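Worksheet: the structure to be examined is printed underneath.
The values are calculated or read from the model by the stated rules, or taken from the named source; none is laboratory data. Computed from a predicted structure; not experimentally measured. Cβ sites come from the backbone with ideal geometry, for glycine too, and all protein chains shown count toward neighbours.
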2 protein chains.
Amino acid sequence: MENLSFNEYQLVYNFFSFTFAAMAAGTLFSWLNLGSVSASYRPAMVVTGLVTFIAAYHYLQIFISFDGAYSAVDGVVSSTGEAFNVTYRYVDWLLTVPLLLIELILVMKLSSSETLNRCVVLGSAAALMILLGYPGEISTDLAGRLSWGLAAMIPFLFIVYVLFFGLKSSIEAQPIEARGLVSQACWVVVITWSFYPVVYFLPMLGFESAGVAVEIGYSIADIAAKVGFGILIYMIARKKSEAEGYIAK
Amino acid sequence: MENLSFNEYQLVYNFFSFTFAAMAAGTLFSWLNLGSVSASYRPAMVVTGLVTFIAAYHYLQIFISFDGAYSAVDGVVSSTGEAFNVTYRYVDWLLTVPLLLIELILVMKLSSSETLNRCVVLGSAAALMILLGYPGEISTDLAGRLSWGLAAMIPFLFIVYVLFFGLKSSIEAQPIEARGLVSQACWVVVITWSFYPVVYFLPMLGFESAGVAVEIGYSIADIAAKVGFGILIYMIARKKSEAEGYIAK
């Protein structure tokens with residue numbers, strides 16, 4: 001990140017802390033509600049909690065790394081010389097982005113062979129997307145950022161295609177009470193994920209404070225894509241459990 | 001905070017530690033009692049515990065920030081130059097204040113469409129109230145404090161209106177054993193929340209030690225509004241579980 005004003009420092013510092021708290025709360029929400037859904041949907045809820053748990057861990061590390069990289073004394077912010085570790089985000093995404101698609105597949109309760117197949121294919125595409133985006137994120141020239149970013153769009157478009165066309169018959173086989181929510185969940189994936197490339201390409205506009213905007217932007221996108229999406233998965237699991245006559249005891 | 005005497009330093013330091021302990025205890029109370037209420041009321045108890053969990057995290061951070069901002073050596077208190085981060089409170093409230101209203105809605109056990117609708121409307125009003133209060137809290141002039149504070153009163157009054165009038169028929173539909181407690185819970189929200197604007201406007205009186213009074217005042221208000229209110233939610237959940245013939249096993 002470029003030279004930070006005190007207000008920018010405060011904003012980024014508090015946003016990292018806020019995102020950690022939101023991820024930790026989301027994790028506990030998913031896991032403490034395991035008994036609120038029938039056994040068929042608990043694996044989906046476990047994975048939903050894992051996504052926010054992994055993110056909570058990484059946001060704590062990002063927060064600590066930021067705290068170590070900058071010092072604010074008497075209202076003046078300076079670099080300490082320690083590097084702010086941007087790689088935490090990509091390590092996080094490498095684990096959580098495939099798991100996000102897996103929680104969606106799990107809550108759909110497909111046949112076990114289809115579940116395995118979809119999880120492997122979508123999970124691999126998601127991991128490939130992150131691996132291709134990383135060299136662009138740490139690239140110092142904008143051409144590098146652009147070309148790796150565009151390469152990462154290919155697996156992203158493949159995932160969009162599977163969500164809207166590949167899963168069509170599986171969505172239509174969902175119980176009527178949950179069908180709308182499942183199709184909504186596919187839309188939420190595409191909409192929340194679309195926010196990431198926007199943030200990714202922000203530094204290409206070359207404005208001041210682009211580094212701050214990237215950190216805040218990714219944090220907002222992560223909360224929407226992980227906690228927000230997780231609440232939707234819980235609602236689907238609840239609706240389907242009720243439709244199947246499950247009453248939590 | 002202004003220059004602190006040793007006694008003031010001790011008071012604030014111990015009050016932050018006390019508030020952390022109270023929030024952590026409240027969290028464990030809610031979650032360990034999940035099995036003491038029937039399944040219908042567990043989501044309310046999960047959220048009640050999330051509120052105090054998020055607050056416990058922030059009070060720990062507030063405590064650490066205070067410890068870093070001041071040093072007390074040989075009975076003399078001095079600033080270290082590191083800022084005491086007042087923003088933690090607002091980050092906390094942004095998450096917990098909407099969740100406080102959501103725990104009340106959840107324990108009422110309304111239809112799923114009314115639950116979703118009430119949670120979104122009341123939660124958004126609560127978040128707006130916090131977002132409007134923040135610029136006033138960090139404002140250096142009293143006119144700024146006053147005008148943002150008054151703006152934040154608008155969503156607050158809307159929430160009061162919904163609690164007393166909008167929810168009237170939903171409260172009347174509660175089982176007779178719990179009706180009194182639910183209506184009491186609405187009163188507790190309004191009374192405990194009214195304490196915050198009083199604390200907020202304290203610095204306008206311009207007395208010495210106003211900063212200390214604000215920190216202590218907010219901490220007391222937070223314990224009443226989160227732990228105290230949480231115990232009331234538990235009592236409602238318990239009464240309704242008993243009325244429905246649920247016997248904890």
Leading residue by the ranking (nearest to B:Ile138 (Cα to Cα)) among those in the stretch B:70-88 that are more than 20 Å from the chain's Cα centre (by Cα) and within 11 Å of chain A (Cβ to nearest Cβ):
B:Ala83
Just to be sure before I move on: is B:Gln184 modelled with pLDDT of 90 or more and not in a helix (DSSP H, G or I) in the structure I sent?
no
Please work out if A:Leu60 is of a type outside the set (Asp, Glu) and either within 11 Å of another protein chain (Cβ to nearest Cβ) or surrounded by fewer than 18 Cβ atoms within 10 Å (Cβ to Cβ) (or both).
yes
Only one of B:Val91, B:Val12, B:Val51 that is closer than 17 Å to B:Tyr218 by Cα, within 11 Å of chain A (Cβ to nearest Cβ) and in contact (Cβ under 8 Å) with a residue 60 or more places away in the chain:
B:Val51
Just to be sure before I move on: is A:Leu142 at pLDDT 90 or above and out of contact with any strand residue (DSSP E or B) (no Cβ under 8 Å at 6 or more places or on another chain) in the structure I sent?
no
For the list (1) without any contact (Cβ under 8 Å) to a residue 12 or more places away in the chain; (2) surrounded by 14 or more Cβ atoms within 10 Å (Cβ to Cβ); (3) within 22 Å of the chain's Cα centre (by Cα), I need the number of the one condition that A:Trp187 fails.
(2)
Hey, among the residues in the stretch B:17-41 that are part of a helix (DSSP H, G or I) and buried (at least 22 other Cβ atoms within 10 Å of the Cβ), which one's farthest from the other protein chains (Cβ to nearest Cβ)?
B:Thr19
When the stretch A:110-145 is checked residue by residue, the ones that are buried (at least 22 other Cβ atoms within 10 Å of the Cβ) and over 21 Å from A:Ala56 (Cβ atoms) are A:Leu122, A:Met129, A:Gly133
Looking at the stretch B:24-57 only, could you name the residues that are closer than 30 Å to A:Phe16 by Cβ and β-branched (Val, Ile, Thr)?
B:Thr27, B:Val46, B:Val47, B:Thr48, B:Val51, B:Thr52, B:Ile54
Can B:Arg179 be described as of a type in the set (Lys, Arg) and under 28 Å from A:Lys239 (Cα atoms)?
yes
When you check B:Leu95 against the structure, is it out of contact with any Pro (no Cβ under 9 Å at 6 or more places or on another chain), at pLDDT below 95 and under 30 Å from A:Gly68 (Cα atoms), yes or no?
no
Report, by residue number, each residue of the stretch B:1-16 that is out of contact with any Asp or Glu (no Cβ under 6 Å at 6 or more places or on another chain) and either aliphatic (A, V, I, L, M) or in a helix (DSSP H, G or I) (or both).
B:Met1, B:Leu4, B:Phe6, B:Asn7, B:Glu8, B:Tyr9, B:Gln10, B:Leu11, B:Tyr13, B:Asn14, B:Phe15, B:Phe16
Would you confirm whether any residue within the stretch A:153-166 is more than 24 Å from A:Lys226 (Cβ to Cβ) and loosely packed, with under 15 Cβ neighbours inside 10 Å?
yes
Condition test on A:Leu101, is it within 14 Å of another protein chain (Cβ to nearest Cβ) and modelled with pLDDT of 95 or more?
no
Residue list for the stretch A:205-228, restricted to those being part of a helix (DSSP H, G or I) and not small (Gly, Ala, Ser):
A:Leu205, A:Val212, A:Val214, A:Glu215, A:Ile216, A:Tyr218, A:Ile220, A:Asp222, A:Ile223, A:Lys226, A:Val227
For the condition without any contact (Cβ under 8 Å) to a residue 60 or more places away in the chain, outside any helix (DSSP H, G or I) and in contact with a helix residue (DSSP H, G or I) (Cβ under 8 Å, 6 or more places away or on another chain), what is the one hit in A:Ala83, A:Ala72?
A:Ala83
Of residues in the stretch A:203-249 being in contact with a Gly (Cβ under 7 Å, 6 or more places away or on another chain) and of a type in the set (A, V, I, L, M, F, W, C), the one nearest to the other protein chains (Cβ to nearest Cβ)
A:Ala248
Taking the criterion of being more than 19 Å from the chain's Cα centre (by Cα) and at pLDDT 95 or above, would at least one residue in the stretch A:122-130 satisfy it?
no
Just need a number here: residues in the stretch B:208-244 that are on the phi > 0 side of the Ramachandran plot and of a type in the set (Phe, Trp, Tyr).
0
